[in-house]
Amino acid sequence: VQLQASGGGLVQAGGSLRLSCAASGSIVSINAMNWYRQAPGNERELVARISSSGSITVYANSVKGRFTISRDNAKNTVYLQMNSLKLEDTAVYYCNIHGPGYEFWGQGTQVTVSS
């Protein structure tokens, strides 16, 4: 199983980016799909989580109202729409998926917000 994340880059504060993460390979019943991030010197933190049906989402307080997580189960893909980006959103963003007896991580995509 591979998770391919894309969509990171350099953006000015107040701008937007959309991250995507596609899972490929032999996958059965993906449950939660998550986005984490890790800034230099910080621990990896959960940014957003979405349930298998997409009906339940959870966000870190720091991104509520600015980020939106979604998924396309037909494509085994999870998205993170990031609006009103702030300097403190600069980090490497990782996608993560859970299923029956498994957990996989993507390779990370860099998001840099400039002033």
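Relative to the compact-globule estimate of 2.2 N^0.38 Å, the Cα radius of gyration of the chain comes out at 1.01. Ranked by the mean number of other Cβ atoms within 10 Å per residue, highest first, peptides 38-45, 20-27 order as 20-27, 38-45. Based on Cα contacts under 8 Å between residues 6+ apart, the chain shows a relative contact order of 37 percent. Taking the Cα centre of the chain as reference, the dipole from Cβ charges on Lys and Arg (+1) and Asp and Glu (-1) amounts to some 220 debye.
Distance between the 7 Å Cα→Cβ label points at Asp72 and Leu46: 2.6 nm. Residues in the stretch 83-94 carry Karplus couplings, in order, of 10, 6, 5, 10, 4, 6, 7, 4, 4, 8, 9, 10 Hz; the curve used is 6.51 cos²θ - 1.76 cosθ + 1.60 with θ = phi - 60°, and Gly or Pro positions show x. Charged neighbours of Asn83, selected by a Cβ distance under 10 Å, balance to +2 (K, R count +1; D, E count -1).
Computed from backbone phi with θ = phi - 60° and the Karplus coefficients 6.51, -1.76 and 1.60, the 3J(HN,Hα) list for the stretch 56-68 is 10, 10, 10, 10, 5, 4, 5, 10, 4, x, 10, 10, 9 Hz; x is used for glycine and proline. Got a number for carbon plus sulfur as a percent of the chain's accessible area, 1.4 Å probe? In the chain, the share of accessible area belonging to carbon and sulfur is 48 percent. Over the chain, accessible surface divided per residue gives 51 Å², non-protein components excluded, 1.4 Å probe.
The values are calculated or read from the model by the stated rules, or taken from the named source; none is laboratory data. This structure is a prediction, so every number in the text was calculated from the model and none was measured. Cβ coordinates were reconstructed from backbone atoms using ideal geometry, including for glycine residues, and neighbour counts include every protein chain displayed. Just so you know, the surface numbers come from the protein's heavy atoms only, side chains and all, with ligands and any DNA or RNA stripped out. Shrake-Rupley method; radii C 1.70, N 1.55, O 1.52, S 1.80 Å.
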